[in-house]
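K.L.:
Take a look at this one; I'll ask things after.
The values are calculated or read from the model by the stated rules, or taken from the named source; none is laboratory data. None of the values given here were measured: they were computed from a predicted structure. Don't worry about glycine lacking a Cβ; one is built from the backbone with ideal geometry, like all the others, and counts go over all protein chains shown. What goes into the accessible areas is simple: the full protein's heavy atoms, side chains included, and nothing from ligands, DNA or RNA. Shrake-Rupley method; radii C 1.70, N 1.55, O 1.52, S 1.80 Å.
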Amino acid sequence: MSRIGNKVITLPAGVSVTVAEDNVVSVKGPKGTLTQAVDSDITVEVEGSELKVKRPTEQKRHKALHGLYRSLLNNMVIGVGEGYKRELEIIGVGYKASSTNNVLELQLGYSHNIFMAIPSEIKVSTTSEKGQNPKVILEGIDKELIGAVAAKIKSLRKVEPYKGKGIRFVGEVVRRKAGKSASKK
């Protein structure tokens, strides 16, 4: 029995869900509209201010799809209602970030600056206050897209375990290693 798939999604005020004939679910809210094609075996029902996802049998495939589509639809409802925000922190001497017109410019200790075009669905902003590490803030309604862009930015300079330099999420804990001088005792 899928615990996640059986949970009912409550729709907040201002969010509406429509299910088309070809099992395409579209969620519309104050922040925008998202659509998701759902497998033909899974049924999506809208009852008042509740959204229910049901599966036809107890096959392993149906159980997996049941929980998957329930989570995807829940993320869509939260996205169009509240939106998602992801913050990345850049740690290192001389590392900088700036953004103009959804183009992110990063100085990460390489011989050249890195220019990264951010998709138009995501709003990117940077902050660099004195005494603080530069931050890159991603905001949007699509959780999957924000996660993919954040992972791509993070992969440009991975956090190294000795000094902790690199790009990380705000609040992320990095395990540090002792250097070679720690073993000489």
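K.L.:
For residues that are of a type in the set (Ser, Thr, Tyr), in contact (Cβ under 8 Å) with a residue 40 or more places away in the chain and within 13 Å of Leu73 (Cα to Cα), tally how many sit in region 1-54.
P.N.:
Going through region 1-54 one residue at a time, the tally reaches 2.
K.L.:
Ok, one more. Name the residues in region 53-68 that are in contact with a strand residue (DSSP E or B) (Cβ under 7 Å, 6 or more places away or on another chain) and either of a type in the set (Val, Ile, Thr) or open to solvent by 40 Å² or more (accessible area, probe 1.4 Å) (or both), would you?
P.N.:
Hits for region 53-68 are Val53, Lys54.
Table: residues versus (1) open to solvent by less than 50 Å² (accessible area, probe 1.4 Å); (2) more than 22 Å from Gly29 (Cα to Cα); (3) of a type outside the set (A, V, I, L, M, F, W, C); (4) free of Cβ contacts under 8 Å to residues at least 24 places away in the same chain.
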position: Arg70; (1), (2), (3), (4): yes, no, yes, no
position: Ala97; (1), (2), (3), (4): yes, yes, no, no
position: Glu121; (1), (2), (3), (4): no, no, yes, no
position: Glu139; (1), (2), (3), (4): no, no, yes, no
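K.L.:
Now for a different question. Quick one: which of Ser120, Ser98, Ser181, Ser111 is of a type outside the set (A, V, I, L, M, F, W, C) and in contact with a strand residue (DSSP E or B) (Cβ under 7 Å, 6 or more places away or on another chain)?
P.N.:
Among Ser120, Ser98, Ser181, Ser111, only Ser98 is of a type outside the set (A, V, I, L, M, F, W, C) and in contact with a strand residue (DSSP E or B) (Cβ under 7 Å, 6 or more places away or on another chain).
K.L.:
Would you tally the residues in region 150-185 being in contact (Cβ under 8 Å) with a residue 40 or more places away in the chain, part of a helix (DSSP H, G or I) and of a type in the set (A, V, I, L, M)?
P.N.:
Residues in region 150-185 being in contact (Cβ under 8 Å) with a residue 40 or more places away in the chain, part of a helix (DSSP H, G or I) and of a type in the set (A, V, I, L, M): 2 in total.
K.L.:
Please go through region 72-95 and give me each residue that is of a type in the set (A, V, I, L, M) and either within 30 Å of Pro12 (Cα to Cα) or open to solvent by less than 60 Å² (accessible area, probe 1.4 Å) (or both), ordered by number.
P.N.:
Answer for region 72-95, where residues must be of a type in the set (A, V, I, L, M) and either within 30 Å of Pro12 (Cα to Cα) or open to solvent by less than 60 Å² (accessible area, probe 1.4 Å) (or both): Leu72, Leu73, Met76, Val77, Ile78, Val80, Leu88, Ile90, Ile91.
K.L.:
Tell me yes or no: at least one residue of region 140-157 is farther than 27 Å from Lys123 by Cβ and of a type in the set (D, E, K, R).
P.N.:
no
So that you can scan it fast, the table gives a plain yes or no per residue for (1) part of a helix (DSSP H, G or I); (2) of a type outside the set (D, E, K, R); (3) over 15 Å from Ile141 (Cα atoms):
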position	(1), (2), (3)
Ala13	no, yes, yes
Leu34	no, yes, no
Arg61	yes, no, yes
Ala64	yes, yes, yes
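K.L.:
Output the strands (runs of 3 or more DSSP E) that fall wholly within region 67-130 and possess 2 or more residues being closer than 27 Å to Gly166 by Cβ, more than 17 Å from the chain's Cα centre (by Cα) and small (Gly, Ala, Ser), or say none.
P.N.:
Those strands (runs of 3 or more DSSP E) span 96-100.
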